[in-house]
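Every number here is computed from the coordinates shown, using simple stated rules; none is lab data. Note that the structure is predicted; figures quoted are calculated from it, not measured. Don't worry about glycine lacking a Cβ; one is built from the backbone with ideal geometry, like all the others, and counts go over all protein chains shown.
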Amino acid sequence: MKEGFRQAMAWLHTWAGLILGWLLFAIFLTGTLAYFKSETSRWMQPEIPVRSVSAETSLTVAQHYLEQHAAGASHWLIELPGARRQGLSVHWEAAAGKPGQHGEQLLDPLTGTEVHPRETLGGEFFYRFHFELQMPYPWGRWLASIAAMLMFVALISGIITHKKIFKDFFTFRPRKGRRSWLDGHYAVGVLVLPFHLMITYSSLVMFMMMVMPAGILAVYKDNAQTFYQEALPEDEVRPAVGNPGQLLSLAPLLEQANRLGTGGRVAEVTVNHPGDANASVVMAFDGADRVVHDFGRTVTFDGVTGRQLDATPERSLPVAIAGSFFGLHMGHFASPVLRWLYFLCGLAGTAMIGTGMVIWVGKRQLKHAQSAGMPLELRLVDVLNIASMSGLMLAVATYFWANRLLPVAMAGRSDWEVNGFFIVWGLSLLHAMLRRGRAAWVEQLALAALLFGAVPLLNALTTPYHLGMSLAQSDGAMAGFDLACLASGLFFAWSAWKIRRSGRTQAVSTKRPRSMVLEQEAN
Amino acid sequence: MNAKPRTLPVSYRLAVASRVLAAVFGGYLVAALVSVSLSLWLPGARAEAVVIGMMTSFLVYLLAVIWCFACASAWRAWFGLMVPGLMLAALAGLAHGMGRP
Amino acid sequence: MLLAALLCYAGFTALCLSMDRHHAELLGHKPTPRRRFGLKLLGWLLLSWSLWAAVVAAGWGSGLVQWFGMLMLSALLLVLLMPYRPHLALSLAGLCLLASPIAVFARY
């Protein structure tokens, strides 16, 4: 600890990275997958018809449906189909006192008929997992935030300790064993640093009200709610008046809202007290036209007269800055090109964490190469590495396979898709414990290669929406998903092959000649 | 690390543990105190001050953690956190006494 | 975005060549001090120009995001190409420079 600043930071970097490195790998991987959550959901519910109808048509269809099925409800919520969301969905809430129901239904925006796709969480599972970690509220978020803070410390200490950060900026020397792994760790770390810093810091900001409430408590004491009202003023919902009123046709209001020009396109329409004289219609925008995330920007209309009642005021500068952190992290605004870039950067971050963990084990394995076994802590890290990296890939593949193999009408199938994910992840841990390090890596990666590579085939065998059809119809989401799985399979196959090969050459070069024959036979 | 002895002395382990405690808990405390001070003292709307305070606190936490491991001894780690901590607490108390915001 | 990407890649290649080690790797000999300075200057100019191009095309908000994206993408591409296909890495930079006037009019 007394050896100097750089060395102290090297120690800090190692430990901050090691403590929750496996969790961070999982968070980064699932978060990266979440950038394509809509496309994933689309692949996992191929029954939802793809329609290109205008937003106004969808809204009219939804309104008719709700007027028939939920006329007495206190609130309606209509989610319009968008560039990245198929399917029109409606939700309604029962009125107080009336024996109504609350419900939701997916509709075909062209015909207005009900759509019943297979029950699944789709891409939302990865999205939710990466900040809730499948733990009850609020523990998962706390753990994810702690991991984020450790990531932040590891990033900055890594930058400080990387003496040759400028000299080695363009350096990457493949085919040199350990040196290449280190170069690779530097490359995906340094070259993508703006993204890593942004994603880490923004993740802290996104949970700041939960993890750093001291300021709110000091200023607002018992009235924390007042803080939210002051920071993000919202339009008041007018209560029902009890007299009937004819709800206007919503489509013209939609047109009016979209013409306002700010906040992007309308994504959600809420109707408060439909059928009442005091009905109000709140249009919420998707905010996809700007980087800064606009917390709930809305415009409100009177439901009977159509008069514009309210619009969310401009957010203050600090709130806009916080909003920019939210927006940059989530990337809602990203066009297809930028979205792929987000994905690539996320993979780079995942690789940065993964290479770091592997390098740590590799360096210490060298020291113990001649001894019979590995010390406990080294074996622990090695096993956790395998389970959290290749094991996680297997779990993801299982999730997709379960989606196609579980019967469509099966009750609780979405729960079982998730169960499959965790069961296989657990099995991969067992496998890693039972097999020696290198063999475990090769076997798991080879299986992952098989599972991912076969996804297009699985899709073709279990649904009519196979790759040939999706390519012919230029269905980007379906085709892209199948192809991405195929590419992943090829990558895992290549990785497994490389590790197997390097295992052979290493065994030959590090053992003394006399035992070489015996070693080769054992391998 | 280069010349580590086969088994680490207990004093080393205690020093590391002390620094870790200082960084994790002391650092959080100092970060929280900074956010409180900013929330109470920044001019303008109080909600805005609170938001700025929260966003800034993570940078402070980072600096505190780095300090705890970069400084020459575990004692310095704690000292280096307590001094600003007390000053910030005094600032916050002053604001409270003055009836801000 | 396209113009910014082209200029980023060319700029990074110039900066890379301005370093003794990489200049020797790619072109066979160490650069003279004058060439080193010239390449550094060219590199930074190209990167600045790419920032300007991104902001002009998409405003400060989106423009900055796109610029950082192109910055990271082009750096990754260059660093991964160099050890495997050094000649391609260099020719690509030349191509980027040639294509940039066209990209100015592509307005993407």
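Neighbour counts of other Cβ atoms within 10 Å put C:W49, A:W22, A:W76 in the fewest-to-most order C:W49, A:W22, A:W76. With a threshold of 31 Å on the Cα-Cα distance, the over-threshold entries among A:K164/C:K30; A:K37/A:K164; A:K164/A:K498; A:K37/A:K167; A:K37/A:K176 are A:K37/A:K164; A:K37/A:K167; A:K37/A:K176.
What the Cβ-Cβ distance of C:R85 and B:R100 gives, at R0 = 56 Å and to the nearest 0.05, is a FRET efficiency of 0.30.
Note on A:L450 and A:V241: the model spin-label points, each 7 Å out from Cα along the C-beta direction, lie 7.0 nm apart.
For chain B, modelled as a Gaussian network with Cα springs under 10 Å, which listed residue fluctuates most, B:V20, B:V34, B:V83? Result: B:V83 has the largest fluctuation of those listed. Over all pairs of different C-alpha atoms, chain C has a mean inverse distance whose reciprocal, the Kirkwood radius, equals 13.9 Å. Counting neighbouring Cβ atoms within 10 Å and putting the fewest first, the residues A:L405, C:L80, A:L80 line up as A:L405, C:L80, A:L80. Once the Cβ-Cβ distance of A:E114 and C:A24 is raised to the sixth power relative to R0 = 51 Å, the FRET efficiency obtained is 0.15.
For chain A, the membrane-span-like helix rule (DSSP H, alpha carbon extent of at least 30 Å along the helix axis, mean Kyte-Doolittle at least 0.0) picks out A:139-161, A:336-367, A:376-405, A:413-434, A:476-510; this says nothing about an actual membrane.
When A:I160, A:I165, A:I353 are sorted by how many other C-beta atoms sit within 10 angstrom of their C-beta, beginning with the fewest, the order is A:I165, A:I160, A:I353.
Once Rg and the Kirkwood radius are both taken over the C-alpha atoms of the stretch A:423-508, their ratio Rg/Rh works out to 1.13.
In plain terms, the chain from A:L260 to A:D222 could stretch by 9.8 nm, reckoned as 0.36 nm per residue minus the Cα-Cα distance. Considering only Cα atoms, the convex hull volume of the protein assembly as shown works out to 208 Å³ per residue.
When each full DSSP H helix of chain B is screened for a Cα extent of at least 18 Å along its own axis and an average Kyte-Doolittle hydropathy of at least 1.6, the helices passing are B:27-41, B:46-70.
With no solvent and one equal point scatterer placed on each C-alpha of the stretch A:254-300, evaluate the Debye formula and give log10 I(q)/I(0) for q = 0.13, 0.31 Å⁻¹, two decimals. Values returned for q = 0.13, 0.31 Å⁻¹ are -0.30, -1.12.
Kirkwood-type hydrodynamic radius, the stretch A:180-273: 19.0 Å, calculated from all non-identical alpha-carbon pairs. With Cα atoms as the point set, chain B shows a radius of gyration and Dmax of 17.1, 59 Å.
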